[in-house]
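*Asks:* Please see the structure below; I have some questions.
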Amino acid sequence: MIKRLLLVAATLALLIPVTACAPAEAETIKIGCILDLSGDLAPMGARMLDGAKLAVEEINAAGGVLGKQVELVAEDGKTDPAAGLDRVKKLIEIDGVQVIAGPMISGSSKLAIPYAKEHKVPLITMSATAFELSELEGTEWFFRACLMDDAQGRVLADVIMDKGYTRVASIVLDNLYGKGVEKALIEGLEEGGWQGEVVVTVHYDEAKKDYRTELGQIKDSNPDVVLIVSYADDGIIVFKQALEMGLDSIAWLGCDGNYGSGLFKEPRSAEFMEKAIVAGTRTVGSGSTYDEFVAKYTEEFGEAPEIYCDTTYDAVWAAAKAIEAAGVYDGVAIRTALTKLEFEGASGPISFNEKGDRASGSFELWKVVKDPTTETGYKNVRIKLVTLE
Amino acid sequence: MVNWAQVIFNSGVTGSLYLIGAVGLTLTYGLSKFPNFAHAEFMTLGAYIGYFVAEQLGLGLPLALLVAFLIAGLVGVLCYRGIFQPLAKRGASIIHLMVASIALGFILRHSIGAAWTWKPLYFTATWSAFDAGPLRITGLWLWLIFAALVLSLAMHFLLMNTKIGKAIRASSSNPELALASGINVDRVIWITWFIGAGLAAVAGIFRGADTQIWPMTGWDIILPIFAVAILGGIGNFYGAIAAAFIIGLAENIGVVGLIALGLSTTYRTGIAFLILIITLIVRPQGLAMLFRRA
Amino acid sequence: MEDALLRIREVSKHFGGVYAVNGVSLDITHGGVCGLVGPNGSGKTTLFNTILGLHRPDQGEIYFHGECINNLAPHQIYELGLVNAFQLPRLFYDLSVLDNMLVAARGHQGDRLFNSLFLRRRWQEQEKGLIEEALDILELVELDKWVSSPAGELSGGQRKLLEVARGLMAKPTLLLLDEPAAGINPVLGKKIFQKLADFSHNGITFFVVEHRLEILFEFASWVYVMDKGRIAIAGQPQNIIGDPTFYTIYLGEE
Amino acid sequence: MDPLLYVFDLIVFIGIFGIVSLSLNLEFGFAGLANFGKVAFFLIGAYTYALLSQIGLPFYLCLIAGGLISAIFGLLVSLPALRLRADYLAIAVLAFGEILRLIVKSEDWLAGGDWGITVSSAISLAGASHRVDALVNIALVYFCLFICFTVAQLLANSPYGRAMRAIREDEIAAETLGKSRAKFKAQALMLGSAMAGVAGGLYAQYLHCVLPGMFMPMITFTVWIMVLLGGPANNWGALLGAALVEIFDRGTNIVKDYFVLPIDPSNLQYILFGALIIFVLLYRPHGLLKESSIKTKALRLAYNGRRSIKNKRS
Amino acid sequence: MDPIFVAEDINAGYGDVIIVQGVSIQLAEGETVAIVGPNGSGKSTLIKSFLGFARLFQGSVFYQGKDITGIASNRAVSLGIGYVPQINNVFLNLTTAENLDMGAYHRKGKASIKAGMAEIYDMFPELEARKNGLAGNLSGGERQMLAIARAMMAQPKVLFLDEPLASLSPKPASAILSKMENIRESGTAIIIVEQNVKKALSVSNRGYVLVNGTCAIEGDAASLFAEDSSKQRYLGLEAKKD
């Protein structure tokens, strides 16, 4: 018994000093980063981490911040809000991080915002798009390098009304993102006095990946436009099966989640998008920063960036620029700097409003065309630029 | 108007995949007497090996199926001999074996994640869709149904007409008498694990070709597959065939019902779980009594 | 026989077409040791399990103290004072010998959830008494040295003894014993029966299946002989020994 | 930066999962019930707490209600549980947990759907420092843990616990010795679920929110590992297991920053975790601590006092 | 004539319980030997211990002069030792023919198995009629025949039968006995464990009487129970001589 207790005590003794040890005077500037590297969203998280790494590389190549090199402390949020919160705590309390790029998902953000506020560490999310987050107490500590769902939904609602569609179907991810865009779209339609009906809504589980009957139901309800809200990996499956089920004769509306050449690596998915998607949305900047980012990313990691790689890249850059602007590695100063920050990121011009949301409202409407010069044979092109006030 | 013919055809596709996945599970469950949750990871592993052979080495899908079958089978046997057999010999309870299989699942899943990253991979082979009457069909779906059919016939032949197949059935129903008949029951169990894990790999490749491959490929469908194995009666291959199509039908008709009722289609995942729970409560032996021979 | 302790009338139990027990009627009166013998497969254990409520009889009635117990659950039958000791000891192997005994105590106040949490006084006093009783019985069966060891550490014979002792612990009116002397040495076997005889003076009646006929016949006051699911003969031991049918049942027919 | 605060946070988590671990230990360790749907009851407690605190009930009532409602579900689950084999029960309850999660995820009107429900702090002291806040939480959690532990210990060391263990060892024998397995199993599941429900309430309170994503099956597996690692049928073992698993999770996560690893640390953590479990099952199948013996007052007196035992044993 | 099977000074049981103590038996080629005794006397345990189904604490087992003590159960079959358990002795979910197939698991060559099958059907015409039916649907007597037939498919030189007559009504029991005669004529030596002493001895050359785990009497089948006292001793009712 005593032996056993000693064993246990030894185990504890091994772990606790590590927990409690305080690092010496920092030689680098730490930027925390929370991405979901395991669990349901692990594929996205893995790519977004590449975006963050690219940003850090560039920052350091440009001389770092405050004369020091930047160190990225990446943590795995496990696609579990509780784990995400734990990683925030770890970054703040153990690593002494003063600014965090993340969390990735809205759930983790919801848990993390109050903590960030109390501990005066700003969070810059790259992909938590739920508009409800702006209503939380402490949202002034929460900045978004991504645009919110409702803006996007309204842009799409305008497209529907412009084109005069009257029978809308939707197939959206069953999470805050998918349902958020769908809800905003319907609100936008109602506010715009749209005369039509939503014929069928499907909230799909991204793990199921067998959507034939769901798509068949959409087909059978005879809509004239279908809204899809997906990320890249599950979008590919939906598009592929939609093509197989013969839904390419209906007009589809896409969103930022299915923008990018990543969706073209599955030829069926590319073919479907080219045939069916009449318009998709995404945020844009004025210059060529996105194309430069894509080029660098592709060169570095051998594949094209997908959704939120650019915003992750921008979030890390925003953190670095804010530290530089603050002149001191301190959460409060960084937050103040962030509120005044303005720069041209990969995903467009970045500045934050008083709630910490991205102020820019520049969207482009895109579609997919064939382009034999690209590796996949397809590319996205802009149809129109939309600016929300 | 609901295109019922399509719904039923879709059920066949869903059911075929579940069947291929469930056969190995039900056989090993029947013989080793514990539910192997790492079966999910055998599927995932198979899918990755298949991808490696078909896409990275460019040797085509048929060879990929074969190689994945063999390698995953081998991994299955090694896992059984390295973990489950020693545990069983030490008198581990069914719960311990089950937890061990979950732990093995962690190891395999994250080893795969470390080896191939968590980014999904896609088979490039494509099959075009065509209309056949009211149906939309693609070549892959036909292949999947065909594979399930061939598998059923092959397993039927194996279990009914070969020595080892009969020995599998014999050992599953009465291990002591099997020993007394001179059957090396340990070897029969290894062979069953080989076949079971190999078939899991085949299911993984089909799932991968139909959708995508990532480290959770197997875990995504393991609970419906458990539902099939249990509804069919543990260890009962013929029950599993019926159960796979019952669950396929229930899921796809369920989607139609859910949409008609205005409920979230996410519940589709829950339909198989619900059948699972009801089977266990009402009729834990599953459909086994209908198919006594297996 | 209205005063019979256990009254069995035309009880049958079959499994898949095979009648294990086929129309058995018998009576056990108060006091003493009553034996049940017969070759393997003659239905003795099935009859016991049916009495205990582990099987439900297909036909017939079982009365205990004049009350029909056909449809009672085993634990209810136990509460009436009809207790059993299994042939192959079914002990709680991870529990100590003393705990095995205490599980069997009838009417323990601490068996209730509420009492175990909130009325600890009530049963702690009771348990002291029970422990004394248990130790007395364990002393009788010479297991008092192993009081605090797990039952799993006992040898085969000791397990057998504990199984019997556990039955006694319940202070039953009728104790069914399935082969109490099997698997232990003859001297000890005889000793067990000696103890049983002593206990029967305290008002416990024993209904015993036993293959050690020489021991059983020494202590039993009445013996039923079962063959092929029926009671073939019944009587006092000396009459049974003298009955040629008895040998035919055991040695078989040519 | 305040490492101590992180240690406090760890202590809170150990407390909350210690309660869940105790509850599973009660069900599995003592009563032998393979509850692979632990997270379902954790979820019920958390959501009950969140929903009731939203309508303004004081936190202690929310906690109690969370326990009670969870207990009612435990009782409902126990009805089929009596008839099911261990593995079937495990799979059935696992599926039950997933269905519950789907319901809270999909039914926005019921439980906020994916956005979940925000919960305010149970006790907030004006102007208190973070450390004091954390200590308040520790006090609250460990008060509940203390009650649950006391209940679990009282049960374990009582004739009731003895009967429960007897049923675990041999249902039939226990039944013929007057222990109604239906009653005991139902009560064990009820009590276990009540504890898990209270823990769920504490979890909701501490994290200030409930979300469907917080209740994945992984929670169940983690709790199982806590119990198997610490030692089933030993309440100290359940706590030890909870502490070790939580420390392992955070410890490895911190340690990873100090090493250059050839593979992704997130994957490595799971691989190590899996290997650890298999190692424990192979080489310490009874966990780190052995099953605790039953200690009632009378038994202690008997073992210490009765001369006859002492004499004969020496 | 050399004995084909010898067991010397066997102590056997289960777990750590010793049931059989110091029993020695031997069997000559082509001979039938009955091991009889009341229940609990350890006769089944004795033969199970030869084949690894019960624990052998002490003693040695020889087959054809080779020491096979502690042999793996499935290896014994390939050496030519057949065993028919008392219960669960057929594969219920296999057909009659498949059961026989399993018996021939170690036999090489399809033709030889087919020939063996034909021989068996010659010996057990009752089984041929039901060869494609599930064993689970056979009657008690038929099952017992199938169990023996399954063991015979391995062409054993020694066959252990564990209470083949238990719970059979007289007619199928005598059918089984006559099959045993046939088996003996085919040259296979048999050890039969049986409670129905008289029937067992009627087909045996010699007999051993086990009482309470030890061998109480042994001798010629015909004279074993000639006296009344031996009947009483069989039931343990007479004090032992030692």
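Bear in mind these aren't lab numbers, they're just calculated from the coordinates by the rules spelled out. Note that the structure is a prediction, hence the values are computed from the model and not measured. Cβ placement follows ideal geometry from the backbone for every residue including glycine, while neighbour counts extend to all protein chains displayed.
*Asks:* Equivalent-ellipsoid semi-axes (√(5λ), Cα gyration tensor) for the protein assembly as shown, whole Å, largest first?
*Replies:* On the way: eigenvalues 913, 302, 146 Å².
Semi-axis lengths for the protein assembly as shown are 68, 39, 27 Å.
*Asks:* In nm, give the distance between the simple-model label positions of residue C:10 and residue E:112, each being 7 Å from the Cα along the Cα-to-Cβ direction.
*Replies:* 6.0
*Asks:* For chain A, divide the Cα radius of gyration by the Kirkwood radius and give the resulting Rg/Rh value with two decimals. Walk me through the numbers before you get to the answer.
*Replies:* Details: Rg = 22.0 Å, Rh = 21.7 Å.
Rg/Rh for chain A comes to 1.01.
*Asks:* In addition: Beyond a 20 Å Cα-Cα separation, which of these cross-linked pairs lie in this structure: E:198/E:231; C:145/D:290; E:131/E:179; E:66/E:110? Before the final figure, lay out each step's value.
*Replies:* On the way: E:198/E:231 11 Å; C:145/D:290 22 Å; E:131/E:179 18 Å; E:66/E:110 30 Å.
The pairs that break the limit, which is 20 Å between Cα atoms, are C:145/D:290; E:66/E:110.
*Asks:* Here's another thing I want to ask about it. Kindly write out, for region E:190-200 in residue order, the coupling ³J(HN,Hα) from the Karplus curve 6.51 cos²θ - 1.76 cosθ + 1.60 (θ = phi - 60°), rounded to whole Hz, with x marking Gly and Pro.
*Replies:* Values, residue by residue: 10, 10, 10, 9, 8, 8, 6, 4, 5, 5, 4 Hz.
*Asks:* Right, next: By how many degrees, between 0 and 90 and to the nearest 10, does the Cα long axis of helix B:217-232 differ from the longest principal axis of chain B?
*Replies:* The helix B:217-232 is inclined about 70 degrees to chain B.
*Asks:* Please list the non-local residues whose amide H lies under 5 Å from the amide H of residue C:36, H modeled 1.01 Å from N, same-chain partners needing a gap of 5 or more.
*Replies:* C:208, C:209, C:210, C:224
*Asks:* Counting only C-alpha contacts under 8 Å and six or more residues apart, can you give the relative contact order of chain E as a whole percent? Mind showing how you got there, number by number?
*Replies:* Numbers: 479 pairs, mean separation 63.8, N = 242.
It rounds to 26 percent for chain E.
*Asks:* Based on the Cβ-Cβ distance of residue D:282 and residue D:257, what FRET efficiency does E = 1/(1 + (r/R0)^6) give at R0 = 22 Å, to the nearest 0.05? Please list the in-between numbers first.
*Replies:* Numbers: r = 31 Å, r/R0 = 1.41.
Given R0 = 22 Å and the Cβ-Cβ separation, E is 0.10.
*Asks:* Long-range amide H contacts for residue E:19: which residues qualify at under 5 Å (H placed 1.01 Å from N, peptide plane, sequence gap of 5 or more or a different chain)?
*Replies:* E:12, E:13, E:14
*Asks:* Okay, moving on. Is region D:1-93 rounded, prolate or oblate when judged by the Cα gyration tensor, a ≥ b ≥ c being the square roots of its eigenvalues, rounded requiring a/c under 1.5 and prolate requiring a/b larger than b/c?
*Replies:* Taking the square roots of the gyration eigenvalues as a ≥ b ≥ c, region D:1-93 is oblate.
*Asks:* Pairs of Cα atoms under 8 Å, at least six residues apart: use those to get the relative contact order of chain A, whole percent. It would help to have the intermediate numbers written out before the result.
*Replies:* Values: 820 pairs, mean separation 63.7, N = 389.
16 percent.
*Asks:* Name the residue, out of D:124, D:193, D:53, whose mean-square fluctuation peaks in a Gaussian network model built on chain D with Cα pairs under 10 Å.
*Replies:* For chain D, modelled as a Gaussian network with Cα springs under 10 Å, the answer is D:124.
*Asks:* Here's a follow-up. Within the set of other residues whose C-beta is less than 11 Å from the C-beta of residue C:86, count the net charge using Lys and Arg as +1 and Asp and Glu as -1. Let's see the in-between values first.
*Replies:* Numbers: positive: C:90, C:159, C:160, C:166; negative: C:163, C:178, C:179, D:170.
Its environment carries a net charge of 0.
*Asks:* Cα-Cα over 28 Å: which of A:240/A:370; C:160/E:48; B:163/C:13; A:240/B:119; A:78/D:183; C:228/D:179? Could you put the intermediate results ahead of the total?
*Replies:* Working: A:240/A:370 17 Å; C:160/E:48 22 Å; B:163/C:13 39 Å; A:240/B:119 18 Å; A:78/D:183 40 Å; C:228/D:179 33 Å.
With Cα atoms farther than 28 Å apart: B:163/C:13; A:78/D:183; C:228/D:179.
*Asks:* Right, next: Report the percentage of all Cα-Cα pairs in region B:4-290 whose separation exceeds 36 Å, rounded to a whole percent. Before the final figure, lay out the partial values.
*Replies:* Details: 5259 of 41041 pairs.
That tail contains 13 percent of the Cα-Cα pairs.
*Asks:* Between residue D:150 and residue C:70, how high is the FRET efficiency from 1/(1 + (r/R0)^6) when r is the Cβ-Cβ distance and R₀ = 56 Å? Nearest 0.05. The partial results should precede the final answer.
*Replies:* On the way: r = 43 Å, r/R0 = 0.78.
Efficiency at R0 = 56 Å is approximately 0.80.
*Asks:* To continue, here is another question. Picking from D:247, D:138, D:172, which is most flexible by a Gaussian network model of chain D using Cα springs under 10 Å?
*Replies:* Checking each option, the largest mean-square fluctuation is seen for D:172.
*Asks:* For residue B:8 paired with residue B:149, estimate the spin-label separation in nm (one decimal), with each label point 7 Å from Cα along the Cα-to-Cβ line.
*Replies:* Label-label distance for residue B:8 and residue B:149, simple model: 1.6 nm.
*Asks:* Could you give the angle, 0 to 90 degrees to the nearest 10, between helix A:81-93's Cα long axis and the longest principal axis of the Cα atoms of chain A?
*Replies:* Compared with the principal axis, the helix lies near 40 degrees.
*Asks:* What's the local net charge at residue B:13, with K and R +1, D and E -1, over the other residues with C-beta under 10 Å away?
*Replies:* Working: positive: A:212; negative: A:210, B:210.
My count for the surroundings of residue B:13 gives -1.
*Asks:* State the Cα centre-to-centre distance between region E:21-93 and region D:252-272 in whole Å.
*Replies:* Computed from Cα coordinates, the inter-centre distance equals 57 Å.
*Asks:* To the nearest 10 degrees, how steep is helix E:170-185 against the longest Cα principal axis of chain E, on a 0 to 90 scale?
*Replies:* For E:170-185 against chain E, the angle is about 90 degrees.
*Asks:* Based on alpha-carbon atoms only, what is the radius of gyration of region E:1-53 relative to the globular estimate 2.2 N^0.38 Å?
*Replies:* Working: Rg = 11.7 Å, N = 53, 2.2 N^0.38 = 9.9 Å.
Here the answer is 1.18, to two decimals.
*Asks:* Work from the charge dipole of chain A (Cβ charges, +1 for Lys and Arg, -1 for Asp and Glu, about the Cα centre) and give the residue of A:129, A:298, A:99 farthest towards its positive end.
*Replies:* A:99
*Asks:* Turning to a different aspect of this structure: Which of the three applies to region C:92-169, rounded, prolate or oblate, going by the alpha-carbon gyration tensor with a ≥ b ≥ c and a/c under 1.5 meaning rounded? Please report the intermediate quantities before stating the final value.
*Replies:* Numbers: a/c = 2.46, a/b = 1.93, b/c = 1.28.
Prolate shape, in that a/c is at least 1.5 and a/b is the bigger ratio.
*Asks:* Under 8 Å for C-alpha pairs, at least 6 residues apart: give me the relative contact order for chain D, rounded to a whole percent. Kindly include the intermediate steps, with their values, before the conclusion.
*Replies:* On the way: 478 pairs, mean separation 101.0, N = 314.
After rounding, I find 32 percent.
*Asks:* Also: If R0 is 60 Å, what FRET efficiency do you get for residue D:54 and residue C:18 from their C-beta distance, rounded to 0.05?
*Replies:* Values: r = 63 Å, r/R0 = 1.06.
Rounded to the nearest 0.05, the efficiency is 0.40.
*Asks:* In angstroms, what radius of gyration and Dmax does region B:1-136 have, counting Cα atoms only?
*Replies:* For region B:1-136, the Cα radius of gyration and maximum Cα-Cα distance read 18.3, 59 Å.
*Asks:* For the pair residue B:128 and residue D:172, how long in nm is the line joining their label points, each one 7 Å along Cα→Cβ?
*Replies:* 6.7
*Asks:* Please list, ordered by chain and number, the residues whose modelled amide H lies under 5 Å from the amide H of residue E:83; skip anything fewer than 5 residues away on the same chain.
*Replies:* E:160
*Asks:* Over 18 Å between C-alpha atoms is what I'm after, so list which of A:110/A:209; E:171/E:199; A:30/A:89 land there. Please report the intermediate quantities before stating the final value.
*Replies:* Details: A:110/A:209 28 Å; E:171/E:199 12 Å; A:30/A:89 15 Å.
Correct reply: A:110/A:209.
*Asks:* Starting from the Cα gyration tensor of region E:85-174, take the square roots of the eigenvalues, sort them a ≥ b ≥ c, and report rounded, prolate or oblate (rounded when a/c is under 1.5, otherwise prolate if a/b is larger than b/c, else oblate).
*Replies:* On the way: a/c = 1.71, a/b = 1.42, b/c = 1.21.
Here region E:85-174 falls in the prolate category.
*Asks:* So what J values fall out for region E:106-121 if you push phi through Karplus, 6.51 cos²θ - 1.76 cosθ + 1.60 with θ = phi - 60°, rounded to Hz, Gly and Pro as x?
*Replies:* Once θ is set to phi - 60°, the couplings for region E:106-121 become 8, 7, 9, x, 4, 5, 5, 5, 5, 5, x, 4, 5, 4, 4, 5 Hz.
*Asks:* At q = 0.12, 0.14 Å⁻¹, work out log10 I(q)/I(0) for chain E with the Debye formula, treating every Cα as an identical point scatterer and leaving solvent out; two decimals please.
*Replies:* Log-scaled intensity ratios, in q order: -0.66, -0.90.
*Asks:* So, one more: Of the peptides B:108-117, A:231-240, how do they stack up when ordered by the mean number of other Cβ atoms within 10 Å, highest first?
*Replies:* Numbers: B:108-117: 21.1, A:231-240: 26.0.
Ranked by mean Cβ neighbours within 10 Å, highest first: A:231-240, B:108-117.
*Asks:* Given the options E:148, E:25, E:81, state which has the largest fluctuation in a GNM of chain E using a 10 Å cut-off (strictly under) for Cα springs.
*Replies:* Among E:148, E:25, E:81, the largest GNM mean-square fluctuation belongs to E:25.
*Asks:* Within 11 Å, Cβ to Cβ, of residue C:108, how many net charges do the neighbouring residues add up to if Lys/Arg are +1 and Asp/Glu are -1?
*Replies:* Working: positive: C:106, C:112, C:122, D:162, D:179; negative: C:111, C:127.
Cβ neighbours under 11 Å give a net charge of +3.
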